[in-house]
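Structure, as structure tokens:
Read the figures in this text as sums done on the coordinates, not as results from a lab. For clarity, every value in this text was computed on a predicted model and none was experimentally measured. As a convention, Cβ positions derive from the backbone with ideal geometry for all residues, glycine included, and neighbour counts pool all protein chains shown.
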Amino acid sequence: MAKIRHIAIFTDDPEELSKFYVETFGLKITQPLRSSAESGTWVFLTDGYMHVALISPANTPDQSNGINHFGFTVSAAERQAIVQKFKDLNLQVRQAPADNPYVEDRVYDIHGNPIDISSTDLRPQPT
């Protein structure tokens, strides 16, 4: 069964926002501040089950802060079937950015909201 495993929040300052979530809620950093020209700057956090990506995206100056997308982790067989359902409905399916090892596909629901689909578990060890 598909499970929601992560949510991505766009922010002007991922490092500052990550400190807030660590200090306020006790979240753990699973991937410290990193950046790439393609994706921007990001920090990954977790509560042990749900993962939060705090992202300052590259090349999108008009992107507003706030929730950007969420992601489902599914089995490999489910992934193929779900992606096919999106294609059958003529909904957009894209490969995730190459620098994101946790996500295989980016799909868009019937209202255009982005969803990550992955058969790779999001379990990097906290730092």
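Residues of segment 65-83 being of a type in the set (A, V, I, L, M, F, W, C), within 17 Å of the chain's Cα centre (by Cα) and surrounded by fewer than 17 Cβ atoms within 10 Å (Cβ to Cβ), which ones?
67, 70
Which residue is surrounded by the most Cβ atoms within 10 Å (Cβ to Cβ), if the candidates are limited to segment 84-103 and must be outside any loop (DSSP other than H, G, I, E, B) and under 17 Å from the mean Cα position of the chain (by Cα)? So that I can check it myself, show each step before the final result.
First, pick out the residues of segment 84-103 that are outside any loop (DSSP other than H, G, I, E, B): 84-88, 93-95.
Within this subset, residues satisfying the condition of being under 17 Å from the mean Cα position of the chain (by Cα) are 93-95.
Working: 93: 16, 94: 10, 95: 10.
Per the stated criteria, the residue is 93.
Quick one: in segment 1-28, which of the residues that are in contact (Cβ under 8 Å) with a residue 60 or more places away in the chain and crowded, with 18+ Cβ neighbours inside 10 Å is farthest from the chain's Cα centre (by Cα)?
Per the stated criteria, the residue is 5.
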